[in-house]
Structures are given as C-alpha cells and as structure tokens.
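Structure first, then comments.
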Amino acid sequence: MKILKKPAGTLDILPVDAIKRKFLEDRIRKIFDLYNYAEVRTPSFEKTELFRRGIGDETDIVSKEMYSFKNDEFTLKPEMTAPVIRAYIENSLFNRSGIQKLYYIANMYRHERPQSGRYREFTQFGAEAIGSNDYSIDIEMIALSVKIIESLNIKNLSTKINTIGSPDERSRYLSELKNYLSKYINDLSEISKTRLEKNPLRILDTKIPAEIEILESAPLLYDFLNKQTKEHFSNVLSGLDGLDIKYSTDYRLVRGFDYYTSTTFEVISDDLGAQNAILGGGRYDNLVEQLGGKPAPAIGFACGLERLMIILEKNDFKYPDEENIKVYISPIGDKAVKESLKLLFRLREAGIKCDMDFLSRSLKAQLKEANKFGAEYVLIIGPEELERDIIKVKKMDESTESEIKLNDLTNKPNLLFQ
RNA sequence: GCGGGUAUAGCUCAGUUGGCAGAGCGUCAGAUUGUGGCUCUGAAUGUCGCGGGUUCGAGCCCCGCUACUCGCCCCA
C-alpha cells in the first residue's frame, strides 16, 4: 500500500518544533499583552467576497492564490486584516472604545509554489489598531513590531518605511507615472507592461535593474502628496527617532494589497533567502468603510512565524529546554505494574510530572528510557519490594539508592523531594 | 504558470570505468541472570522514488513520470 503524504507546502510540526513554536507564541502574546492589545480569533475560512473587496481583485493573492471551495463561495483566509475588520464591523466593536487594539496568531493559506520560507499553510502573527488617524498609533505599531523581533536578539534586520498617500493623492501621480513610463514602454518587462494599465504603482518595486534605472528619474509619489500626509509622515519618522527605532525611508516600498494608504513599512532580513521580508504592514484608512462599516482609519502589521524561525535557526538561537520529568516508575512483573499505575496517578494528582514503563521491558531498558527523559528519580517496584511494602528510590544524577515505604509515599508524594 | 537541482537504511549521506548494497548517527541485544549515562562487542533494518530502455550484467548510462527542494513571479 502506498503511503499518503502531506499536501505540498504544508508542515508536520513534530514535538521538537512544537516546543519552539510554543515558546515563540508565548513570548509574542506576552508582548502584545504588555502593549494592551487583545487577542481576536476568526474563522479559518470566510466568504470569498470579503477578500475580493478587501484585498483587491487585481492582487496576485486574490487573482490566483486563494484556496476556494463550494463554488467559490468560501475561501481559506490568505491574510488576516480583512477578517479582523469584518469581525470589528459585524460585532460593532467601535461602540466599545474609540480605538480597538487587536492581535492574532493564526494560520493562513495561499496556493503558491512552495519554496524556502514560503508555505501554502503558514502562520502569521500581527496586530490591527482601528479607529485612530493619529500619527502616534503609527509609531506604536511600527515600534511594537520591531520590538517583538528585537526581543529575540535578531541581527541583520532593516526596517523600511514609506508613505503612499490616499487614492485621491495617488491618482494624479499615477497618470504622471504612466505618462513617464509610456516613453519607455519597449524597455519594460511583460509584467510591467500589464501593470502599467492595471496597477502602475506596483512597477515601483520591480527588481529588474533596467527598470530600476528607468525609475531613477521618474516622478516621485512623495511630491504629489498633500500637506497633511507629509506632516503625518514626518511626525511618524521623528517619533521613531525619539524611540531609537532604526529605519530607512524607501520611496519604492509599495505593498501588494490594494487597501494600503499613507504609512507603509516592512522589515527585511539578510538571513532569509529569496523571501527576505519577515514582516510587513501599513495604514489602511479606507478599508473599514470599503467593507461596509462606519468609516474608521486603521493600521496594522503581519509577521511570518516560519520566516522568523528560519532566521532564529541561522542565528543559532537557543530555545529554552523543556521541563524534564521528575519521576519515572519502573515496575518489574505484573503485580508491580498495577501498583505502579496507582502510584503514577497519585504523583500526578500531587502535580509531579512523571511517567512509567508501558512495555514490560527489562529494568535496564527502563533505566535507559528514564535517563533519556532526564528523570530525577526512578522508582523501582519489583517482587522483592512488594514483599516488604517498600519502593526503591534511585536518584539518577548521584546513582544512589534508598528505600521508602509505599504507604508513606502514597500519603505524601512530595516526600521524594525532601 | 515558468526554470534549475535532488531522490540509496528511521536520520545525515558515501557508492570509483557499469561487476555481491555501504558508513556514521539512532534503534535493539550482550558484556552486568533486577540497575542508566561512558566504553567495548554484536544484531536488525533497503521495491537504491516509480515505469520503461540499453547491456551478459544497471544504484550508476538513456527516456518518461512522480515527489521533494531551490529560484522566477508575488508575498509573511
């Protein structure tokens, strides 16, 4: 019989990795909590329409990467901002406070070709702050995302920041950009040619050297932004300076979702391969309204957990060890097994992490197993011990043995550690 | 959707001009008849990814397929 394998681009998270993820998730939750962000969980799938309207029909994600089913009615979530905003509107969260600060850790699904740092099912953590247009929340959001990564002692990071203005401000610029690029139409790649019609802004982050050269003397989006947008941006930058957050501005930073307005940012790492973006985010002041809610400005970010883990691996990050078992019980013979089970559960009731042999193995094999588990004590129960109503207690690190009365231990399990 | 690379034991990988299928790690057993780690000795485990072709003979050469992987596009 042929064995079945997991779908391409998915991961089996075995104990050795699950421990690492648990550590990271705990660390991340702690920081979100410290910043007074509250957790939100949404369904694994949503109406397809939500992503069409939220992310944009022309984006790569919506046009070709979604896992959709039931006649395209539903889609596994490819990103979290649209669902969070949907939940915000649907549950009238705006009635609770002027600003909602929410965070999530959840799995996302995108049907792309898998490669290093890119999976079809992957984990993102991120935050959304909904309701404020103030530059101060931009600063908190960017600082928060940077601080989470910094808390893991990651080096070789760079934070890039840009502002892309509102759709109104952009439209004037886009026609100028189109005019300019049209002159070079024959030097543009096929992709850029189509983008020129559908989404000219995306041409800005091309990686083709020849196109970058053409863009050198292209009109600058920044010059088309109105005074408030520029002021907002400079306030964000000086606020980050005040918090000693290192960044560089990058006018070519435009992000792949249609909903972004004003501030955008991204953190990249040299330790990732081709997928060098570990974290991305920005302001999306029109999305709430676009999804049918009472207009509310918002800003958020998302970070890839798997990419974070790749970086940590490259940095030889030392994850804390898991807690070893305290006690391992070694029964010899049938009668001893029953006695051992009773004792095992008694110890657990007392909150002592413990295990026993379930394979009727030789004492030698059992001690080997206990050693592997890092057990502090091994309790040996065999015919001789049962005869005398005692248990042999072996302290592993000292290789010393003592005896203890079975009754005493049952009454006071913590006697072991005194 | 488009390119490159790889596929041999549970894991990491050797395998020469085509000539008996290998190592390290891990597992198990023994040295120690009821005592772990360290050491020594021994053992088990293979559809050499799948299908075809060439050949006296294929893990090795040729063709096709599949899977995995890296990259392009895009993104976390």
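Taking the conditions (1) farther than 30 Å from residue A:18 by Cβ; (2) hydroxyl-bearing (Ser, Thr, Tyr); (3) more than 9 Å from RNA strand B (Cβ to nearest atom) in turn, residue A:360 satisfies each one other than (1).
Where helices (runs of 4 or more DSSP H) sit wholly within the range A:348-418, those with at least 3 residues that are among the basic types (Lys, Arg) occupy A:363-373. Exactly one residue out of A:352, A:332, A:278, A:325 is over 30 Å from residue A:416 (Cα atoms) and hydrophobic (A, V, I, L, M, F, W, C), and it is A:278. Only one of the numbered conditions (1) out of contact with any strand residue (DSSP E or B) (no Cβ under 8 Å at 6 or more places or on another chain); (2) small (Gly, Ala, Ser); (3) near RNA strand B (Cβ under 9 Å from one of its atoms) is violated by residue A:117, and that is (1). Run residue A:319 past the list (1) surrounded by fewer than 19 Cβ atoms within 10 Å (Cβ to Cβ); (2) more than 30 Å from residue A:272 (Cβ to Cβ) and report the number of the one that doesn't hold. Status for residue A:319: all satisfied but (2). Is it fair to say residue A:107 is open to solvent by 50 Å² or more (accessible area, probe 1.4 Å) and either farther than 28 Å from residue A:10 by Cβ or in a loop (DSSP other than H, G, I, E, B) (or both)? Answer is no for this residue. The set of residues in the range A:238-287 being in a helix (DSSP H, G or I) and in contact with a strand residue (DSSP E or B) (Cβ under 7 Å, 6 or more places away or on another chain) consists of A:287 alone. The single condition from (1) open to solvent by less than 30 Å² (accessible area, probe 1.4 Å); (2) near RNA strand B (Cβ under 8 Å from one of its atoms); (3) not charged (D, E, K, R) that residue A:340 fails is (2). The number of residues in the range A:173-219 being in a loop (DSSP other than H, G, I, E, B) and either open to solvent by 80 Å² or more (accessible area, probe 1.4 Å) or modelled with pLDDT of 80 or more (or both) comes to 6. Being in a helix (DSSP H, G or I), more than 9 Å from RNA strand B (Cβ to nearest atom), out of contact with any Asp or Glu (no Cβ under 8 Å at 6 or more places or on another chain) and acidic (Asp, Glu) is a property that residue A:313 has. Candidates in the range A:274-297 are the residues that are surrounded by 16 or more Cβ atoms within 10 Å (Cβ to Cβ) and more than 16 Å from RNA strand B (Cβ to nearest atom); of these, the one that is nearest to residue A:250 (Cα to Cα) is A:285.
Scanning the range A:379-400 for residues that are in contact (Cβ under 8 Å) with a residue 12 or more places away in the chain, near RNA strand B (Cβ under 9 Å from one of its atoms) and farther than 21 Å from residue A:353 by Cβ returns A:382, A:383, A:385, A:386. Looking at the range A:35-55 only, could you name the residues that are surrounded by fewer than 18 Cβ atoms within 10 Å (Cβ to Cβ) and in contact with an Asp or Glu (Cβ under 8 Å, 6 or more places away or on another chain)? A:35, A:47 - these are the residues of the range A:35-55 that are surrounded by fewer than 18 Cβ atoms within 10 Å (Cβ to Cβ) and in contact with an Asp or Glu (Cβ under 8 Å, 6 or more places away or on another chain). For the range A:186-238, the candidate set comprises residues that are in contact (Cβ under 8 Å) with a residue 60 or more places away in the chain and over 17 Å from residue A:170 (Cα atoms); within that set, the residue that is nearest to RNA strand B (Cβ to nearest atom) is A:236. Only a single criterion out of (1) part of a loop (DSSP other than H, G, I, E, B); (2) within 16 Å of RNA strand B (Cβ to nearest atom); (3) surrounded by 12 or more Cβ atoms within 10 Å (Cβ to Cβ) is not satisfied by residue A:63, namely (1). Among the residues of this structure, residue A:62 counts as one that is out of contact with any His (no Cβ under 9 Å at 6 or more places or on another chain), closer than 30 Å to residue A:200 by Cα and in the same structural domain as residue A:294 (by TED's automatic domain parsing).
The values are calculated or read from the model by the stated rules, or taken from the named source; none is laboratory data. From a predicted model like this one, the values you see are computed outputs, not experimental measurements. Positions of Cβ are generated from backbone atoms using ideal geometry, with glycine treated the same way; all protein chains shown enter the neighbour counts. SASA here: full protein model, heavy atoms, side chains in, ligands and nucleic acids out. Shrake-Rupley method; radii C 1.70, N 1.55, O 1.52, S 1.80 Å.
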